[in-house]
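Asks: Dropping the structure in here first, questions after.
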Number of protein chains: 2
Amino acid sequence: MADFKDITRLLTSGVPDNIQRLVDETHPADVLEAVQEEAGGDYKYLLALPDDFLADVIDEADDDDKYDILKVMDPDRTRSVLNRMSVDEIADLIQELEDDNKEAVIKSLLRGRTKTDVTKLLKYDEDTAGGIMTTQFIAIYASNTVMKALNYLKTEVDAETSYYMYVVNKEDYTLLGVVSLRDLVMAPFDTRIEEIMNTNVISVNANLDQEDVADEFSKYGYPALPVVDDNGKMIGIVTVDDVIDVINEEATEDIYHMGGVNKEEKIDGTVLESVKSRLPWLIVNLFTAILASSVIAKFDGTIEKIVALSAVMTIISGMGGNAGTQSLTMVVRALSLDEIDKNNAKSILLKEIFAGFLNGVVIGALVAAIALFYNFNPWFGLIAGLAMIMNMVCAALAGFLIPIILEMMHIDPALASSVFVTTVTDCLGFFFFLGLATLTMPLLM
Amino acid sequence: MADFKDITRLLTSGVPDNIQRLVDETHPADVLEAVQEEAGGDYKYLLALPDDFLADVIDEADDDDKYDILKVMDPDRTRSVLNRMSVDEIADLIQELEDDNKEAVIKSLLRGRTKTDVTKLLKYDEDTAGGIMTTQFIAIYASNTVMKALNYLKTEVDAETSYYMYVVNKEDYTLLGVVSLRDLVMAPFDTRIEEIMNTNVISVNANLDQEDVADEFSKYGYPALPVVDDNGKMIGIVTVDDVIDVINEEATEDIYHMGGVNKEEKIDGTVLESVKSRLPWLIVNLFTAILASSVIAKFDGTIEKIVALSAVMTIISGMGGNAGTQSLTMVVRALSLDEIDKNNAKSILLKEIFAGFLNGVVIGALVAAIALFYNFNPWFGLIAGLAMIMNMVCAALAGFLIPIILEMMHIDPALASSVFVTTVTDCLGFFFFLGLATLTMPLLM
């Protein structure tokens, strides 16, 4: 059942049979969405659900919404529901708290294995494999039989994936191999796990950056990967649903950074959050704008004599900025997707320069023609066209080199490239055009 | 084994035992990467692999690389390997061919079930669920016993996921439910599938856009989803590894469009492809640049009298462009992720305007101060600051409204927003500042 009206009707009816139908027939993600879209976001309606299902609903929510749902419950209910949630979701939630509150929450609200597991997960940076993994996986020993493994499966109802069972060493939990449920089902009951396990198991280190974890999933296509510590001890699994979130998050981060917005900003945030996210970036841009305008000011004598320069110069700087943005967009995305290396960097640079030159010739010719409308003098058209070509080639160079240099300096190229590139294209655009005009002044008057 | 040097050594050794070790111990994706990174991309080395494994290696490659690998084989080998590949990968490959060649390739190279399945897949648009699905799934009947289903599993070795078995109607293949392998293993052998199947199965229509398919995966977190036609007949499954590719592809598309690059352009493409991708966009931008410069030309009498205007005006238009880009970046990404709806649109607009005003006040005050360096007259500073604030508020309005209007008109907001927004901020920036200067001319001289 995924009709939000139906779900809301059943949920708000107060009839136990209806609630049971919801639990049996709907996905928790749909119940959450129904309340948010159909019931005006009033999370009180969720209180009618049994604790287990309510925990599943909260698992599906964003961090902010998780808090809002937990807020409508009394302390006893909160404790009960919280301990039924996925441990990785609880850890993410606690990660958001201030350091002083973290321990208090763990101490007062969590119990038993949930408490132990959440404490373990909190040791890892939230942007690493350890930060996105869960401890709810199925581990078996190599010496066990298939029968024993299948029986064990029945007891591990909370595991986030039951398709893979990970084979570990009894003593120190070293990851030895992996068995798929399919392999298990195909084998006779008395087969030992070591006979059917795949020892070429692909795992990720707990400290691996989440972007690199996503790359591993993208490369191998598995629905889950085991996470090991530096000693090869298995400590968790990352599941593909969390990886999808990571991929979306990393793409959003790149897009925000290229647009000059802080990665933490939310579309439905407050005015103050928005100002805090954007103002610093605007101030950085203001400095570069001043730089460009000071280039203009250097040539005010020239502009005073030929005022048409001031209309045409913005075309030359602006078009250079557009071309530079095109180059940097390609290069920044390619760096994000690991598509540039030593082998192809030189040929990409040459391609950018040559493409910049060709685009420059076409746009330069058009700009030259346009310039004649402002000042009917062939020399005026010629210097406009020349300045345009020169700026386009420099735009290509800057659009390629600046992201690469920033990456080498371990500065996110998505964040800083565009301000540097447009500074180059603005300043050089004005300089080439006004400089050429100053040199050829007698011909232009 | 994932050490590229080791893999390359085994692959190029020519010793059958070494090749067998590779097949047993490496993931096809690693063999592919080893050849690309370690063996200089010479795909001839792959010919030493047995056909089944070679087919798996090709499955892992990008479309372009798939062709390059197939090219090194003789026709007989090509036919043999091709028919062992995943049908969805073959279909993607054929999709790239010109229409005339498609049928010839299918007829001469494909056989049996592969031929039938690929032909079916080719009927769907490549950007839809049908275009990214595979026909290699496991379907069982509701009346079967668990025993029969488990036996059937042994015969379906090519299925892309064996964790879910889909329950269909015998007569017309209507999707009735889903059984996980775990449920199957837990149930007694003589249980009928209908007793344990989950009838609330979430499916996607074959014509659903791949972006919406990705949203379903992101929401529900399953490793695979069944695909049905308009009559509810099950025709395939989409697996999460293909969805990861879709998510990366859609993010790249948004980023490229926002940067003014065609979505088909590749970082390692040719100069001509690059020019073809970017020149049309530059020409569109040229028209908007002309528009902005014609606003300046209207005021050339004013600029002639106060030449400092020409240095300061580029700051006001440029900063407006930056602020407008910030707003549109947030809005375009939110539209992509379905985060804006009727409920929150008004409050987001108000937030944008108010944030634009606040940023405008701060940046406006700074611009007013800077303006005094160019022309020491308080009125000059005042009109620069005022024009800056007005342009920032308009930037916020344009950055919000333009993507929304484009989305309503079914034009990709990522593609066209930035050119419209910067047109607005350039033209209005010049108009506000030069207009105010013209009105207050006696005070400025």
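Asks: Write out, first by first residue and then by second, each pair whose Cβ atoms fall under 6 Å of each other, whose residues are 6+ apart or on separate chains, and whose first residue, in segment A:1-22, is farther than 9 Å from residue A:34 by Cβ while the second is of a type in the set (Val, Ile, Thr) and buried (at least 17 other Cβ atoms within 10 Å of the Cβ).
Replies: Within 6 Å, the pairs are A:1/A:26.
Asks: I'm told residue B:149 meets every condition in (1) within 37 Å of the chain's Cα centre (by Cα); (2) among the small types (Gly, Ala, Ser); (3) buried (at least 21 other Cβ atoms within 10 Å of the Cβ) except one. Can you identify the failing condition by its number?
Replies: The single condition residue B:149 does not satisfy is (1).
Asks: Taking the condition of being modelled with pLDDT under 90 and either surrounded by 14 or more Cβ atoms within 10 Å (Cβ to Cβ) or not assigned by TED's automatic domain parsing to the domain that holds residue A:69 (or both), how many residues in segment A:38-58 meet it?
Replies: Filtering segment A:38-58 down to residues modelled with pLDDT under 90 leaves A:38-42.
Filter once more, so that each one left must be either surrounded by 14 or more Cβ atoms within 10 Å (Cβ to Cβ) or not assigned by TED's automatic domain parsing to the domain that holds residue A:69 (or both): A:38-39.
Total meeting the criteria: 2.
Asks: Here is a further query. Name every residue in segment B:130-148 that is in the same structural domain as residue B:173 (by TED's automatic domain parsing), in a helix (DSSP H, G or I) and touching a helix residue (DSSP H, G or I) at 6+ places or on another chain (Cβ under 6 Å), in order of residue number.
Replies: Result: B:146, single match.
Asks: Scan (1) within 25 Å of residue A:217 (Cα to Cα); (2) in contact with a Leu (Cβ under 7 Å, 6 or more places away or on another chain) for the single condition residue B:65 breaks and write down its number.
Replies: Unmet condition: (2).
Asks: Report yes if some residue within segment A:365-385 is closer than 19 Å to residue A:348 by Cα and buried (at least 21 other Cβ atoms within 10 Å of the Cβ); otherwise report no. Spell out how you get there, then give the answer.
Replies: First pass over segment A:365-385, keeping only residues closer than 19 Å to residue A:348 by Cα: none.
The answer is no; no qualifying residue exists.
Asks: If you don't mind, there's one more thing I want to ask. So, in segment A:95-110, exactly how many residues are surrounded by 10 or more Cβ atoms within 10 Å (Cβ to Cβ) and outside any helix (DSSP H, G or I)?
Replies: Number of matching residues: 3.
Asks: Between A:201, A:157, which is in contact with a strand residue (DSSP E or B) (Cβ under 6 Å, 6 or more places away or on another chain) and closer than 28 Å to residue B:220 by Cβ?
Replies: Numbers: A:157 fails: in contact with a strand residue (DSSP E or B) (Cβ under 6 Å, 6 or more places away or on another chain).
Just a single option satisfies the conditions, and that option is A:201.
Residue-by-condition table, conditions (1) over 23 Å from residue A:186 (Cβ atoms); (2) of a type outside the set (Ser, Thr, Tyr); (3) surrounded by 17 or more Cβ atoms within 10 Å (Cβ to Cβ):
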position: B:177; (1), (2), (3): yes, yes, yes
position: B:187; (1), (2), (3): no, yes, yes
position: B:200; (1), (2), (3): yes, yes, no
position: B:220; (1), (2), (3): yes, no, no
position: B:237; (1), (2), (3): no, yes, yes
position: B:247; (1), (2), (3): yes, yes, yes
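Asks: Something else: Just to be sure, is residue A:173 away from chain B (no Cβ under 11 Å) and at positive phi? Show your work before the answer.
Replies: Details: away from chain B (no Cβ under 11 Å): yes; at positive phi: yes.
Spelling it out, residue A:173 is indeed away from chain B (no Cβ under 11 Å) and at positive phi.
Asks: Which residues, counting only those in segment B:1-26, are assigned to a loop (DSSP other than H, G, I, E, B), facing another protein chain (nearest Cβ under 9 Å) and surrounded by fewer than 20 Cβ atoms within 10 Å (Cβ to Cβ)? Walk me through it before giving the result.
Replies: Of segment B:1-26, the ones assigned to a loop (DSSP other than H, G, I, E, B) are B:1-3, B:13-15, B:26.
So of that shortlist, the ones also facing another protein chain (nearest Cβ under 9 Å) come out as B:1-2, B:26.
B:1, B:2 - these are the residues of segment B:1-26 that are assigned to a loop (DSSP other than H, G, I, E, B), facing another protein chain (nearest Cβ under 9 Å) and surrounded by fewer than 20 Cβ atoms within 10 Å (Cβ to Cβ).
Asks: Since residue B:59 meets every condition but one in (1) assigned to a loop (DSSP other than H, G, I, E, B); (2) within 14 Å of chain A (Cβ to nearest Cβ), which condition does it not meet?
Replies: Answer for residue B:59: the failing condition is (1).
Asks: Looking at segment B:188-207 only, could you name the residues that are away from chain A (no Cβ under 14 Å) and either within 22 Å of the chain's Cα centre (by Cα) or under 19 Å from residue B:136 (Cα atoms) (or both)?
Replies: B:206, B:207
Asks: Check segment B:435-445 and report whether any residue there is part of a helix (DSSP H, G or I), touching a helix residue (DSSP H, G or I) at 6+ places or on another chain (Cβ under 6 Å), at pLDDT 95 or above and of a type outside the set (Gly, Ala, Ser).
Replies: If we filter segment B:435-445 for residues that are part of a helix (DSSP H, G or I), which is where we start, we get B:435-439, B:441-444.
From the residues that got through so far, the ones that are touching a helix residue (DSSP H, G or I) at 6+ places or on another chain (Cβ under 6 Å) too are B:436-438, B:443-444.
Going one step further and asking which of them are at pLDDT 95 or above, we end up with B:436-438.
Filter again for of a type outside the set (Gly, Ala, Ser), leaving B:436, B:438.
Within segment B:435-445 (the criterion being part of a helix (DSSP H, G or I), touching a helix residue (DSSP H, G or I) at 6+ places or on another chain (Cβ under 6 Å), at pLDDT 95 or above and of a type outside the set (Gly, Ala, Ser)), the answer is yes, since at least one residue qualifies.
Asks: Quick one: would you say residue B:156 is modelled with pLDDT under 90, outside the structural domain of residue B:209 (by TED's automatic domain parsing) and not polar (S, T, N, Q)? Even if it seems obvious, please write down each step before you answer.
Replies: Values: modelled with pLDDT under 90: yes; outside the structural domain of residue B:209 (by TED's automatic domain parsing): no; not polar (S, T, N, Q): yes.
No.
Asks: Considering only segment A:37-85, how many residues are under 27 Å from the mean Cα position of the chain (by Cα) and of a type outside the set (A, V, I, L, M)?
Replies: 12
Asks: Is it the case, given these coordinates, that residue B:34 is of a type in the set (A, V, I, L, M), within 34 Å of the chain's Cα centre (by Cα) and assigned to a helix (DSSP H, G or I)? Reasoning before the result, please.
Replies: On the way: of a type in the set (A, V, I, L, M): yes; within 34 Å of the chain's Cα centre (by Cα): yes; assigned to a helix (DSSP H, G or I): yes.
Here the answer is yes, as residue B:34 does meet what is asked.
Asks: Within segment A:268-280, which residues are within 26 Å of residue B:368 (Cβ to Cβ) and either touching a Leu at 6+ places or on another chain (Cβ under 7 Å) or at the interface with chain B (Cβ under 7 Å from one of its Cβ atoms) (or both)?
Replies: Hits for segment A:268-280 are A:271, A:274, A:275, A:278, A:279.
Asks: Another one. So in segment A:209-218, with the set limited to residues that are buried (at least 18 other Cβ atoms within 10 Å of the Cβ) and away from every other protein chain (no Cβ under 11 Å), which one is nearest to residue B:163 (Cα to Cα)?
Replies: The residue in question is A:213.
Asks: Quickly run through segment A:111-134 and pick out the residues that are surrounded by 15 or more Cβ atoms within 10 Å (Cβ to Cβ) and touching a residue at least 40 places away in the same chain (Cβ under 8 Å). Explain how you work it out, then say what you get.
Replies: Quick first cut of segment A:111-134, residues surrounded by 15 or more Cβ atoms within 10 Å (Cβ to Cβ) only: A:114-115, A:117-122, A:124, A:127-134.
Within segment A:111-134, A:120, A:121, A:124, A:127, A:128, A:129, A:130, A:131, A:132, A:133, A:134 qualify.
Asks: So, one more: What number of residues within segment A:281-309 are among the aliphatic types (A, V, I, L, M) and under 23 Å from residue A:374 (Cα atoms)? Lay out the reasoning, then the answer.
Replies: First, pick out the residues of segment A:281-309 that are among the aliphatic types (A, V, I, L, M): A:282-284, A:286, A:289-292, A:295-297, A:303, A:306-309.
From what's left, under 23 Å from residue A:374 (Cα atoms): A:292, A:295-297, A:303, A:306-309.
Residues meeting the conditions: 9.
Asks: Sticking with this structure for a sec: Any residue at all in segment A:145-158 that's over 20 Å from residue B:164 (Cβ atoms), more than 14 Å from chain B (Cβ to nearest Cβ) and among the aliphatic types (A, V, I, L, M)?
Replies: Let us first name the residues in segment A:145-158 that are over 20 Å from residue B:164 (Cβ atoms), namely A:145-149, A:151-152, A:155.
If we keep only those that are more than 14 Å from chain B (Cβ to nearest Cβ) too, we end up with A:145.
Filter again for among the aliphatic types (A, V, I, L, M), leaving none.
No: segment A:145-158 contains no residue that is over 20 Å from residue B:164 (Cβ atoms), more than 14 Å from chain B (Cβ to nearest Cβ) and among the aliphatic types (A, V, I, L, M).
Asks: Further, regarding this structure: If only one of B:368, B:416, B:395 is touching a helix residue (DSSP H, G or I) at 6+ places or on another chain (Cβ under 7 Å) and under 14 Å from residue B:320 (Cβ atoms), which one is it?
Replies: Values: B:368 fails: under 14 Å from residue B:320 (Cβ atoms); B:416 fails: under 14 Å from residue B:320 (Cβ atoms).
Every option except B:395 fails the conditions.
Asks: So which pairs qualify, if the first residue must be in segment B:246-258 and without any contact (Cβ under 8 Å) to a residue 24 or more places away in the chain, the second must be of a type in the set (Lys, Arg) and outside any helix (DSSP H, G or I), the Cβ gap must be under 8 Å, and the two must be at least 6 apart or on different chains?
Replies: Within 8 Å, the pairs are B:252/B:263; B:256/B:263.
Asks: Going through segment A:262-304 one residue at a time, which ones are over 23 Å from the mean Cα position of the chain (by Cα) and among the charged types (D, E, K, R)?
Replies: Passing the criteria: A:298, A:300, A:304.
Asks: Additional query: Report, ordered by the first and then the second residue, all pairs with beta carbons closer than 9 Å, sequence separation of six or more or different chains, a first member in segment B:350-363 that is facing chain A (nearest Cβ under 7 Å) and touching a residue at least 12 places away in the same chain (Cβ under 8 Å), and a second member that is among the acidic types (Asp, Glu) and part of a helix (DSSP H, G or I).
Replies: Close Cβ pairs (under 9 Å, with a partner that is among the acidic types (Asp, Glu) and part of a helix (DSSP H, G or I)) amount to B:355/A:273.
Asks: Additional query: Counting only residues that are at the interface with chain A (Cβ under 10 Å from one of its Cβ atoms) and surrounded by fewer than 21 Cβ atoms within 10 Å (Cβ to Cβ), which one in segment B:254-267 is nearest to residue A:346 (Cα to Cα)?
Replies: Applying the first criterion (at the interface with chain A (Cβ under 10 Å from one of its Cβ atoms)) to segment B:254-267 yields B:254-262, B:265-267.
This time we only want the ones that are surrounded by fewer than 21 Cβ atoms within 10 Å (Cβ to Cβ), so: B:262, B:265-267.
Working: B:262: 22, B:265: 18, B:266: 15, B:267: 12 Å.
Selected residue: B:267.
Asks: Out of the residues in segment A:311-340 meeting the condition of being at the interface with another protein chain (Cβ under 7 Å from one of its Cβ atoms) and among the polar types (S, T, N, Q), tell me which one is surrounded by the most Cβ atoms within 10 Å (Cβ to Cβ).
Replies: Filtering first and then ranking leaves A:326.
The values are calculated or read from the model by the stated rules, or taken from the named source; none is laboratory data. Everything numeric here is computed off the predicted structure, so don't read it as measured data. Cβ sites come from the backbone with ideal geometry, for glycine too, and all protein chains shown count toward neighbours.
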